[in-house]
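Here is the structure we will look at, set down as C-alpha cells.
The values are calculated or read from the model by the stated rules, or taken from the named source; none is laboratory data. The model shown is predicted, which means the values in this text are computed figures rather than measured ones. Every residue, glycine among them, receives a Cβ derived from its backbone with ideal geometry; neighbour counts consider all protein chains shown.
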Amino acid sequence: MPDQYTVLVVDDEKVLRDGCTLILKPEGYRVLTADNGKQALAVLAAAPVNVILCDLKMPVMGALEVLEQTSVRYPDIPVIIMTGLGTVTDAVECMKKGAYDFVTKPFSIDHLCMVIKRALEKQLLEQQTRRLQEEQARNLYNLALEQSRMHTIVNCMADGVLVTNRDGEVVMCNSTLLQLLGVQAPPHLGPVEAYVRDRDFQVAIESLLAGGPLPQEFQQFAQNFRQI
C-alpha cells in the first residue's frame, strides 16, 4: 500500500489509537490520531486524509456529529465506524447518514485492513468517475461552442449552404440559400423536399448522398443561382 494514503484514527481510548497505529503503519499507511470528533475536525482542516476510522461513542463529539460535518465539508473521505457489539444498530444508523462501513471491536488485523482497502478503492473509483464526468462535460461544452461558431459562420456566408445527414434530412440551412430558393424555413428541420422543390436539385443531392459524382445539371443549376 503506497504511503501517501493517510488514515485518521479517532477514538477516546489511547490503547485503541496506539493499536490501530501499530496495525496500519506496517501496511504502508500514514496514521494520524485524534481523541474525539472535535479534534478530528481540526486534524482534517490541517492535513490531507484519505480514510477516517471513527469510534461511535466519544465525549465532546461522537461519530454521528463527525458525520454531519464531514458529509458536508469532506464528502470524498470515507468514514468507517468502530463500535462494540452492543451498538451495531447505532453503527448501521451512521451508515444511513453517510458512513462507508463499520467494524466491531475487537477487530482482526485482516478485517480492518480489508475494510480500509475497500474504502480506498471506492474513493478511487469515485474520483475517476468524477474526472470522466468533468471531461465529458468539457467535451460537450467545446462541441456546443464549435457548433455555435459554425452556425454563425455559415449564416454569414454570401453563398447558400444546405447540409444534410446521410438520410437526406436537413440539419443546417442558411438564410442566403432560403432567399435564393425563395422559400421559408419550416418550423423544424426536415427532409430536403421541404426546402428544395426543384426535382433536378433533389436528384443531384440524392446522387451526392449516394456517393456519386456531381451531376452536370447540378453544376449548371448552381451556376444559375450564383448569377441571380
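The residues of the range 7-60 that are touching a Pro at 6+ places or on another chain (Cβ under 8 Å) and either more than 20 Å from residue 118 (Cβ to Cβ) or not assigned by TED's automatic domain parsing to the domain that holds residue 120 (or both), listed by number, are 12, 36. Checking each residue in the range 71-118 for being part of a helix (DSSP H, G or I), surrounded by 13 or more Cβ atoms within 10 Å (Cβ to Cβ) and at pLDDT below 85 picks out 87, 88, 90, 91, 92, 93, 94, 95. Among the residues of the range 161-179, which ones are surrounded by 13 or more Cβ atoms within 10 Å (Cβ to Cβ) and either assigned to a loop (DSSP other than H, G, I, E, B) or in contact with a Phe, Trp or Tyr (Cβ under 7 Å, 6 or more places away or on another chain) (or both)? Listed by number, the residues that qualify are 161, 162, 168, 170, 173, 174. For the range 18-40, the count of residues that are within 20 Å of residue 100 (Cβ to Cβ), modelled with pLDDT of 90 or more, in a loop (DSSP other than H, G, I, E, B) and of a type in the set (D, E, K, R) is zero. The listed residues are 8, 24, 16, and the only one of them that is more than 25 Å from residue 125 (Cα to Cα), aliphatic (A, V, I, L, M), surrounded by 17 or more Cβ atoms within 10 Å (Cβ to Cβ) and touching a residue at least 24 places away in the same chain (Cβ under 8 Å) turns out to be 16.
Only one of the numbered conditions (1) touching a strand residue (DSSP E or B) at 6+ places or on another chain (Cβ under 8 Å); (2) of a type in the set (D, E, K, R); (3) touching a residue at least 24 places away in the same chain (Cβ under 8 Å) is violated by residue 101, and that is (3).
Against the condition acidic (Asp, Glu) and exposed (fewer than 15 other Cβ atoms within 10 Å of the Cβ), how does residue 135 come out, does it pass? Yes: the conditions hold for residue 135. Considering each of 158, 137, 144 in turn, give the residue that is modelled with pLDDT of 75 or more, part of a loop (DSSP other than H, G, I, E, B) and hydrophobic (A, V, I, L, M, F, W, C). Among 158, 137, 144, only 158 is modelled with pLDDT of 75 or more, part of a loop (DSSP other than H, G, I, E, B) and hydrophobic (A, V, I, L, M, F, W, C).
Out of curiosity, is residue 64 farther than 21 Å from residue 30 by Cα and either surrounded by 11 or more Cβ atoms within 10 Å (Cβ to Cβ) or in contact with a Cys (Cβ under 6 Å, 6 or more places away or on another chain) (or both)? Considered against the rule, which asks whether it is farther than 21 Å from residue 30 by Cα and either surrounded by 11 or more Cβ atoms within 10 Å (Cβ to Cβ) or in contact with a Cys (Cβ under 6 Å, 6 or more places away or on another chain) (or both), residue 64 comes out as yes. Cβ-Cβ distances below 7 Å connect the following pairs, each with a first residue in the range 187-204 that is assigned by TED's automatic domain parsing to the domain that holds residue 165 and surrounded by fewer than 14 Cβ atoms within 10 Å (Cβ to Cβ), a second residue that is in a helix (DSSP H, G or I) and modelled with pLDDT of 75 or more, and a separation of six or more residues or different chains: 193/202.
The requirement of being under 29 Å from the mean Cα position of the chain (by Cα), part of a loop (DSSP other than H, G, I, E, B) and of a type in the set (A, V, I, L, M) is fulfilled somewhere in the range 46-69, by at least one residue. Here residue 124 clears all of (1) surrounded by 10 or more Cβ atoms within 10 Å (Cβ to Cβ); (2) not assigned by TED's automatic domain parsing to the domain that holds residue 101 except the condition numbered (2). Can you find even one residue in the range 30-41 that is of a type outside the set (Gly, Ala, Ser), within 23 Å of residue 122 (Cβ to Cβ), loosely packed, with under 14 Cβ neighbours inside 10 Å and without any contact (Cβ under 8 Å) to a residue 60 or more places away in the chain? Scanning the range 30-41 turns up no residue that is of a type outside the set (Gly, Ala, Ser), within 23 Å of residue 122 (Cβ to Cβ), loosely packed, with under 14 Cβ neighbours inside 10 Å and without any contact (Cβ under 8 Å) to a residue 60 or more places away in the chain.
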